[in-house]
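Asks: Okay, here's the structure, questions in a sec.
The values are calculated or read from the model by the stated rules, or taken from the named source; none is laboratory data. Given the structure is predicted, the values throughout are model-derived calculations rather than measurements. Backbone-built Cβ (ideal geometry, glycine too); neighbour counts: all protein chains shown.
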């Protein structure tokens, strides 16, 4: 298995776990906060879409004009690094719309990675990030980052009274 295939497999594994958690959570609970909580499932899902775009596309191939249709700048601001969960974010208060962006970004990432030349993996990322120096590390962090937030979604679900999902 090539390094690229391994990275894609890890991204898909993490995403499949997140999808399983999301699919077993009522959409009406996506904007609920646990007592004294700082996040909700809607923000986690939107944040994962932004992170996958930034790590898997922006840092690998750069920003493209058509990206605005994939994941808008306003979506990236609401759910990007430094943002915070809100009970009902003004523009993105629909779990189905957030999930659609998450799914759309993941599918586009897979299409683009299928055409990525493995020799590019050791190249520096196009947009600097303190911990990520190469394109391979950007893809590996993409999977690890989703695992971190998948764990947060799992914990939120448990606090909201849902059983664990294996």
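Asks: Can you find, within segment 71-90, the residue that is nearest to residue 57 (Cα to Cα) among those that are modelled with pLDDT of 90 or more and in a loop (DSSP other than H, G, I, E, B)?
Replies: For segment 71-90, the residue satisfying everything is 71.
Asks: Residue 105: modelled with pLDDT of 95 or more and under 15 Å from the mean Cα position of the chain (by Cα), yes or no?
Replies: In short, yes.
Asks: Please enumerate the residues belonging to segment 91-128 that are in contact with a strand residue (DSSP E or B) (Cβ under 7 Å, 6 or more places away or on another chain) and either surrounded by 17 or more Cβ atoms within 10 Å (Cβ to Cβ) or in a helix (DSSP H, G or I) (or both).
Replies: If the condition is that a residue be in contact with a strand residue (DSSP E or B) (Cβ under 7 Å, 6 or more places away or on another chain) and either surrounded by 17 or more Cβ atoms within 10 Å (Cβ to Cβ) or in a helix (DSSP H, G or I) (or both), then 121, 122, 125 are the ones that fit.
Asks: Can you find even one residue in segment 27-46 that is in contact (Cβ under 8 Å) with a residue 12 or more places away in the chain, within 24 Å of residue 135 (Cβ to Cβ) and within 11 Å of the chain's Cα centre (by Cα)?
Replies: Within segment 27-46, not a single residue is in contact (Cβ under 8 Å) with a residue 12 or more places away in the chain, within 24 Å of residue 135 (Cβ to Cβ) and within 11 Å of the chain's Cα centre (by Cα).
Asks: Of all residues in segment 129-166, how many are in contact (Cβ under 8 Å) with a residue 40 or more places away in the chain, within 19 Å of residue 23 (Cα to Cα) and assigned to a loop (DSSP other than H, G, I, E, B)?
Replies: Within segment 129-166, residues that are in contact (Cβ under 8 Å) with a residue 40 or more places away in the chain, within 19 Å of residue 23 (Cα to Cα) and assigned to a loop (DSSP other than H, G, I, E, B) number 3.
Asks: OK, next. Can you confirm whether segment 12-28 contains a residue that is closer than 20 Å to residue 149 by Cβ, touching a helix residue (DSSP H, G or I) at 6+ places or on another chain (Cβ under 7 Å), in a helix (DSSP H, G or I) and modelled with pLDDT under 95?
Replies: Within segment 12-28, one or more residues are closer than 20 Å to residue 149 by Cβ, touching a helix residue (DSSP H, G or I) at 6+ places or on another chain (Cβ under 7 Å), in a helix (DSSP H, G or I) and modelled with pLDDT under 95.
Asks: Taking into account only those residues within segment 47-70 that are free of Cβ contacts under 8 Å to residues at least 60 places away in the same chain and in a helix (DSSP H, G or I), which is surrounded by the most Cβ atoms within 10 Å (Cβ to Cβ)?
Replies: 53
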